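Following: one structure in C-alpha cells, then a few remarks.
What follows is calculated from the coordinates using simple rules that are stated; it is not laboratory data. Everything numeric in this text was worked out from a predicted model, so none of it was measured. Counting neighbours? That spans all protein chains shown, and the Cβs are built from the backbone with ideal geometry, glycine included.
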Amino acid sequence: MSAQDKRDTTELVQSSLQRRYAREKRFRFFGLAAITASLTFLAVLLITITLRGLPAFKQTFIQLDITLDAKTLGTDENPDTDALRKANYNGTIKNSLLALFPDVKKRADKKRLYKLVSNGAQYDLQRKVMADPSLIGETFTIWLPVGDDTNGYIQGNIDTTLPEKKRRFKDNQVQWVETLKENNQIERRFNYTFFERGDSREPEMAGIKGSLFGSMLTLTVTLLLSFPVAVATAIYLEEFAPKNRWTDIIEVNINNLAAVPSIVFGLLGLAIFINFFNLPRSAPIVGGLVLSLMTLPTIIISARAALKSVPPSIRDAALGVGASKLQVVFHHVLPLAMPGILTGTIIGMAQALGETAPLLMIGMVAFIVDVPTSLTDPATVLPVQIYQWADLPEKGFVEKTSAAIMVLLAFLIMMNAVAVYLRRKFERKW
Amino acid sequence: MNEEVTPLPSLEQDQTSEQTIEEIVASLGETVGEPRVDDPKMSVSNVNVFYAEKQAIFGVDLDIANNEVISMIGPSGCGKSTLLRCLNRMNDTIPICKVTGELMLDGEDIYGKDTDPVLLRARVGMVFQKPNPFPKSIYENVAYGPRLHGLNRNKADLDDIVVNSLKKAGIYNEVKNRLDESGTSLSGGQQQRLCIARTIACSPEVILMDEPCSALDPIATAKIEELIDELRENYAIAIVTHSMQQAARVSQRTAYFHLGKLVEVGDTDTIFTNPSHELTENYITGRFG
Amino acid sequence: MRTFNPEGHTAHAFDLELNEVKHKVMTMGGLVESMVHNGLEALLTMDQQIGLQVTEDDHKANQLELDIDEDCTRILARRQPAASDLRLVITIIKTITDLERIGDEAEKLGRIAVKLSNEANVPAYYKDLHHLGEHVKVMLRDALDAFTRMDVEAAFHTAAKDEAIDTEYSNFSRLMITHMMENPANVSHALDVSWCARSLERIADHACNICEYVIYLVEGQDIRHSNLDEMRKKLL
C-alpha cells in the first residue's frame, strides 16, 4: 500500500466517522426520549391514583351522645343476644341527632338530618352494645362514621356555590355540619374500616379486607399447586426427557399455553372444576386452580430457561465425581437455577394476582360482605373488587377504587421485593 | 494494491472435496509404535465412536499403564477428548453418541452390563478444561464426592479426607485458613488444583485430564504440571492437551491422534526427538496448516 | 557479575534432570582429567600398563559423551529450556565435545607411550614434556573447577593461561627441531614427542574453550574471538 493510498483511507474513514458518531448520538437521544416518555406516563398514573385514593384512607366521624333506652331499641331491660342483634339502633342514632338539632321538624329535613350519619353506623353501635350489654339504659358519647355525602362535603368535593337544586348536599345540611364542626363534633381519622371490613353498598362502610384475604387464599392455592408442578415439569423436560417428537410437541404446547387468553382458562375452570367436579362457586380454591393453570406455563418456561443457563461444566464436575443424574440435578443444577426459577414464579404470581377475567367466569365477582376464612368460602379478589367498585356511581367508591389500586400495587411491590430478596439470597457465582 | 491477491489453497476444502474422511483415515495406515504395555490399568481395543452418523474415532487400540502419564495430542477434532470421555463414560450424557469396541478397567469391560457408570466415575476421576469448582465452600467441594460415595464413617474421617486431598493437590497451605470460603473465590490455577483435590478425594485409580491447563496462566500451568508429575506415583493418568510442550513435559508416553485415528504412540522421548510417522513429525514441529 | 542457579524450577523433575546431566559432565571431566594425567605419566615413566589403561578409558569417555548428548537432546525436546537453562544445555553439549577431544588427545599420549616403550634405544626427549604437561594439567583442572563452580573469575584467569602454554609449546617445538637437526637418526622419536607436545597444547586449547563456555553460561556473552582482557573489564 502506498503512502497516497494510506492517506486516502484515513480521509475516508474520517468522513464516515462523523456520520457514525452522529448516528450514535441520535440513537442515544431516542432511547433517552423513550425512557422519559414512559417514566412520565408512569408518574402521571401513580400521581393520579395516589391523589384520588389518599382521601379514602381518612374517614370523617361525628360525635354523638347516645342514650340507649330499651323502648327505642325495642327490647326489654335484659335482652338476649338475638334480641340485641335485632334491636333498633338506627332509632337511637336518629334520636340523638334530633336532640342535637331540636328545631328540625319537617319530615324532609329530618330525613336529610339522618343522612349526616352513615347508614352503617348502626352496625358500629350494634357491635359496641353487643360487646357490653350493660350499656343499655346508659347515655354515652360515641364517634360514628358520617354519610357519604357529608364525607364528600368535608373533603371539599361538593361545590356549595352551585344552586341548591343541582346538588345532593343541601344548604341546611351544610349548616348543620358547620355547627357540628364549630362544636368540635366532626373529626377526620384514619380509616380503619377500609382494612377491617368486607364489601358494602355504603362506600364509607366498604373495606378491602374481604378481597385482600380472597386474593391471599387464591394465590396460596396457586403457588402451592403451580410451583412444584412447574418445577418438576421443567426439570423432567430439561434434564431427563429424551429429545424426540413427543417432547417437542409438549414443548410447543407449553409455549402456546402461555399465550392462551386468560378468559379461556376461566371457561375451562367453570366447565371442569365447578360443573364437573362440583366445587363451590366463587371459592378461592377454584380461583387458585384456574390461576394455576394459567401460571404453570409461565413458570415452566422460566424454570427451563434457568435450568438451561446453569453452565454444563457444573454438571460435568458433579458427574465426574460420580454423582448420579438425580444428584447432579438436585445438589447442583437446581440450587443454581433457583434464583431464575423464583423470578419466573414471582412474575407468574404477580400476573395471577392481577388477573380478573378468568375469575369472573367462576363467580368470584359476586357481592360478598363476609371475609373468607377458608378455601371454600365465597370470596372475591382485589382486582375484581376494583372492577366492581369502579362500576359504582357513588363518589366515595371512586376514592375506594383508587385506594384499592394502591393496595394492589403495594402488594405487587411487596411480592417483587420478596423476589429480589430471595434471588439475592440464592444467587451464587460460578 | 493493484496486484490480485491469490486465495490461499485451503487444506480442508481439498480434503473434503476429493476424499471422504474414511478414505483419509484408511490412507493413514496402521498405528505406528506399541500401543500395549505390560499389566495395563486400562485397555482400549478396537474402539469406534459415532456421533449419530458421523464417526469420530476409528479403531483405536491403546493401553494406560499404572504410575504413568500418557498424553494424547493432535489437532482439534482429532478425537482425543472424545476417547478420554469414553474412558469414564462421560459420553453417556450425549444421547447420539455410540461406542463400540472394548474398553477395560482392570480387565472388566466398562461398557459391560454389570458396570455402573456412577461407580466407574468414582474409580476413574476426571479433571476438566475449565476449572469448575462447585459454587460451595472449599471444604464442601472436596467433601462432596466422599460423602456421596459414603467413603467416610464420621465427620473426623471426612476432615481427614479433605485435608489429605488438598495436601496431595498441593493447595492445602494456600487455603487451610479459609476452607469455608467459596471455591469460586480462588484464582484460576487454585480452582483447578481444588478440582484435582476434589477428584482425588474420591480415591480414584485413574485420573483423566481434559486440557487441564488451557485456561490457566503459565505459572499456574507449571504448578499443575508439577502436581501431575507427583500424582503419577499413585495413579494412572491420561491427559489430553493442545500443547505438545505440555505433553513433552509431563508424560512418559505420548499418543498422536489425527482425524479420529491413533497415528503413533510411543515413549514421549522418542515421539519428541524422533517420531516415525510423517504426520506426527509435522504436527510436533508445527508444520500443519 | 551475575550468578548462576540451575535449581528452583516449579517442575522439580527438571531440576533433577539438569543436575543429573551436570553431574555426568563432571564425572566425564574427572575421567578425562585422569586420562590426561595417566597419559602423561605413561609417557614420562614409559609405563605400558598405564598407557593401555588410557586407551581403555577413552571408550568410557566416548560412551559418556553419547549419554550426555542424549540427555541434552531429551531435555531440549521435553523441557524447552530457556535463558540460563538453555545456555546450560548448550554449554554442556559444547563442553562434552571438547572433553571428548581432550580424551582423544590423552589417548594419543598413551598410545605413543606404548609405542615408545616397545622400542629400544629411545632418547629421553620425552622427559622434557614434564614441564609443559604439568602446566596443561593445572590448566585443565582449573577449567573444570571453574565449570563445576560456575566461577567466571576463575574462568577468565584460567583462559588467560593459554597464551603462556602456547609460548611454552613453541619453545618446546624449537627444542625438538634442534634435537632433530643435531641427531637426524632420532627424528622419528623426536617427531613422536613433538606430537605429544602438540596434543598437550591442544588440550590446553580445549580447556580454554571450556572456560569461555562457562563465561557464556553465566554472563550470557560469547567471548570467543574477542579480546579477553577487554571482556573481563566489561563483565567483572
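Remarks
- Nonlocal amide H pairs with B:SER71, under 5 Å, H built at 1.01 Å: B:ILE239, B:GLN252, B:ARG253, B:THR254, B:ALA255
- For chain B, projected area of the alpha-carbon convex hull averaged over all directions, nm²: 18.6 nm²
- Taking C:ARG79, C:ARG111, C:ARG87 in turn, the Gaussian network model of chain C (Cα-Cα springs below 10 Å) assigns the largest fluctuation to C:ARG79.
- Within 10 Å of each Cβ in B:134-142, the average number of Cβ atoms from other chains: 3
- Relative contact order of region A:209-426, taken over Cα pairs closer than 8 Å and 6 or more residues apart, is 32 percent.
- Degrees between helix A:121-131 axis and first principal axis of chain A (Cα, 0 to 90, nearest 10): 80 degrees
- Rounded D (µm²/s) - chain C, Kirkwood Rh over Cα pairs, Stokes-Einstein at 10 °C, 1.306 mPa s: 85 µm²/s
- Averaging the sequence gap over all C-alpha pairs within less than 8 Å and six or more residues apart, then dividing by the number of residues, gives region B:95-199 a relative contact order of 35 percent.
- Packing-based exposure ordering (other Cβ within 10 Å, fewest first) of A:VAL418, B:VAL60: A:VAL418, B:VAL60
- Helix A:245-258 and the longest principal axis of the C-alpha atoms of chain A enclose an angle of approximately 40°.
- Note on chain B: helix-only mean residue ellipticity at 222 nm, from DSSP H runs of 4+ residues weighted -39500 (n - 2.57) and normalised by residue number, equals -10500 deg cm²/dmol.
- Sorted on the mean count of surrounding Cβ atoms within 10 Å across their residues, most packed first, peptides B:249-255, A:27-33 read B:249-255, A:27-33.
- Applying the Kirkwood pairwise sum to the alpha-carbon positions of region A:209-426 produces a hydrodynamic radius of 18.7 angstrom.
- Share, in percent, of DSSP beta bridges within chain B that are antiparallel, nearest 5: 60 percent
- C:ALA160 versus A:TYR192: modelled label distance in nm, points set 7 Å from Cα along the beta carbon direction: 11.0 nm
- The alpha carbon convex hull volume per residue for region A:152-304 rounds to 188 Å³.
- 20 Å Cα-Cα reach of A:LYS165 towards lysines, excluding residues that sit fewer than 8 places from it in its own chain: A:LYS106, A:LYS110, A:LYS111, A:LYS115, A:LYS395
- Packing-based order for B:137-147, A:70-80, using average beta carbon neighbours within 10 Å, highest first: B:137-147, A:70-80
- Fewest neighbouring Cβ atoms within 10 Å first, the residues A:ILE346, B:ILE21 line up as B:ILE21, A:ILE346.
- Order by protection proxy (mean Cβ within 10 Å, highest first), peptides A:150-163, A:244-257: A:150-163, A:244-257
- Across chain A, the relative contact order, built from alpha-carbon pairs under 8 Å that are at least six residues apart, equals 19 percent.
- Residue order, fewest to most beta carbons within 10 Å, for A:THR298, A:THR233: A:THR233, A:THR298
- Kirkwood-Stokes translational diffusion coefficient of the protein assembly as shown, alpha-carbon pairs, 4 °C, 1.567 mPa s, µm²/s: 33 µm²/s
- Per-residue average of Cβ from other chains inside 10 Å of C:74-87: 3
- Computed FRET value (nearest 0.05) for B:GLU102 with A:ARG281, which takes r as the C-beta separation and R₀ as 56 Å: 0.25
- Most mobile listed residue (A:LEU46, A:LEU408, A:LEU219) in chain A, GNM with C-alpha springs under 10 Å: A:LEU46
- Most fluctuating residue given options C:SER188, C:SER117, C:SER170, as computed from a GNM of chain C linking Cα atoms under 10 Å: C:SER188
- Amide H partners (placed H, <5 Å) of B:GLY260, local residues excluded: B:GLY79
- Shielding by partners for peptide B:270-282, expressed as the average number of C-beta atoms from other protein chains within 10 Å of each residue's C-beta, is 1.
- Stretchable slack from C:GLU230 to C:GLU153, in nm (0.36 nm times residue separation minus alpha-carbon distance): 26.4 nm
- Helix A:382-391 axis, angle to chain A major axis (alpha carbon atoms, nearest 10°): 50 degrees
- DSSP beta bridge pairing in the protein assembly as shown, given as percent antiparallel to the nearest 5: 70 percent
- Based on every Cα atom in region A:3-54, Rg and the maximum pairwise Cα distance Dmax equal 22.6, 75 Å.
- With eigenvalues of the C-alpha gyration tensor scaled by 5 and rooted, region A:50-137, Å: 26, 20, 10
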